[in-house]
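Note sheet for the following structure.
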Amino acid sequence: RRWTVTVLERRPDLSEGGRAILLQPNGLTPLERLGALGRVRERGQRLARVVFYGRNHQEVAFSDFGELRHPHPYAVEIRPQALRSALAERLAELGGQAPRLGCKLVGLVRSGDAVTGARYRDPEGREHQLEAACIVGADGPDSTVREELGIGCRRFPAPDLYLLGTVSVGGGSDELSIHCGPGYGDGVVPLGDGTYFWDRLTSENRAAVESRDLGAWQQVYERRLPPDSEVPAAVTSWEQLTLVHVRPFWAVDQIGEAVALAGDAAGVVHPHSAQGANLALEDALVLGEVLAGHTRNEPVPRRLLEAYRRSRQRRRRRFVLQSLLAAGTMDAPNGAWRAVRAANFAWSRVGPARRALLRLETGLSLRR
């Protein structure tokens, strides 16, 4: 649409280790519209099913993406750096300039109520000012853009803690497995070149993690996975693990005059819903459609961004609440939640109910 777009990326390069991203059907559709889906599929691991296992390591429930009526009835697990490189390559293919790497946003530039640009610091520490008709704050949960706008957040209870990691064993499967026990729902996900996993901290393993006793943590983790799993033994140092604090929230507003929040800057869903990146891609698509209607060389007015706010803010709030329900159901921290999990597994054995749950979890039954 003849916009000139500048991407300020605070990382010194597009790589990052330790995590992986699950792209679900509602995130694959924006990637197709952006022309990047082919690259993403080439670099990620296509997944057909999510399978839940009980404490005896027997299958107790499953979800099958192939049962969805959707152009992309599957999921893709991909490393973040692979996704970023695919998007950067598509940006270049469309004639866009490469992301400015190592550039940290330090503030916004205003003219009256409107935001007219951004101030950022380059890798050498020099400060620059960039004029813009619209600023998109996609700068994460601790968003500088959101803080500069003075937008508050609705935060939910004390955070859950998880250990995340990737190891160079396994891989190649098309099954995401969730291993359920009292107080945890631990995931093991194949990548093309290894395996991504997460492990919830409970009273059983917290002391080992806090004291960085790798052997004690492995003993607990080995009991949570099947006896033949290679994953626990493949972790040989704490440097392979990332401890994350998860505390979902949503921003009470998502726009200003000539500025919009996107992705985790607008709100964080619990990772058990595996929807963070998918919602960000949806944000990009909807915001792009809104901006396509603005042709004048002046700041994008708030009234034009209202359609984006109404659509995305409502959807994000629904997903935050839905993700909290998913977290309680999967981790089942007490008897009541374990009863909910058991009931959920029972319903998943009924085809229509299983498909309805999957459509809800993948965002296909929620209006945008």
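Screening residue 254 on (1) open to solvent by 30 Å² or more (accessible area, probe 1.4 Å); (2) of a type in the set (S, T, N, Q); (3) more than 27 Å from residue 357 (Cβ to Cβ) shows it passes everything except condition (1).
The residue pairs whose first member lies in region 232-253 and is on the phi > 0 side of the Ramachandran plot, whose second member is open to solvent by less than 30 Å² (accessible area, probe 1.4 Å) and not in a strand (DSSP E or B), and whose beta carbons are closer than 6 Å, counting only pairs six or more residues apart or on different chains, do not exist in this structure.
Does at least one position in region 243-250 carry a residue that is open to solvent by 40 Å² or more (accessible area, probe 1.4 Å), farther than 13 Å from residue 162 by Cα and not in a loop (DSSP other than H, G, I, E, B)?
Initially, region 243-250 is screened for residues open to solvent by 40 Å² or more (accessible area, probe 1.4 Å), giving 243, 245, 247.
Then drop every residue that is not farther than 13 Å from residue 162 by Cα, which leaves none.
Taking every residue of region 243-250 in turn, none turns out to be open to solvent by 40 Å² or more (accessible area, probe 1.4 Å), farther than 13 Å from residue 162 by Cα and not in a loop (DSSP other than H, G, I, E, B).
Counting residues in region 36-54 that are more than 21 Å from the chain's Cα centre (by Cα), open to solvent by 50 Å² or more (accessible area, probe 1.4 Å) and among the charged types (D, E, K, R) gives zero.
Taken over region 67-83, the criterion of being out of contact with any strand residue (DSSP E or B) (no Cβ under 8 Å at 6 or more places or on another chain) and either farther than 25 Å from residue 33 by Cβ or surrounded by fewer than 19 Cβ atoms within 10 Å (Cβ to Cβ) (or both) is satisfied by 67, 68, 69, 70, 71, 73, 81.
Scanning region 103-151 for residues that are assigned to a loop (DSSP other than H, G, I, E, B) and open to solvent by 40 Å² or more (accessible area, probe 1.4 Å) returns 112, 113, 123, 124, 125, 126, 138, 141, 142, 150.
The values are calculated or read from the model by the stated rules, or taken from the named source; none is laboratory data. The structure presented is a predicted model; accordingly, all values stated were derived computationally and were not measured. Every residue, glycine among them, receives a Cβ derived from its backbone with ideal geometry; neighbour counts consider all protein chains shown. Heavy atoms of the whole protein, side chains included, go into the accessibility calculation; ligands, DNA and RNA do not. Shrake-Rupley method; radii C 1.70, N 1.55, O 1.52, S 1.80 Å.
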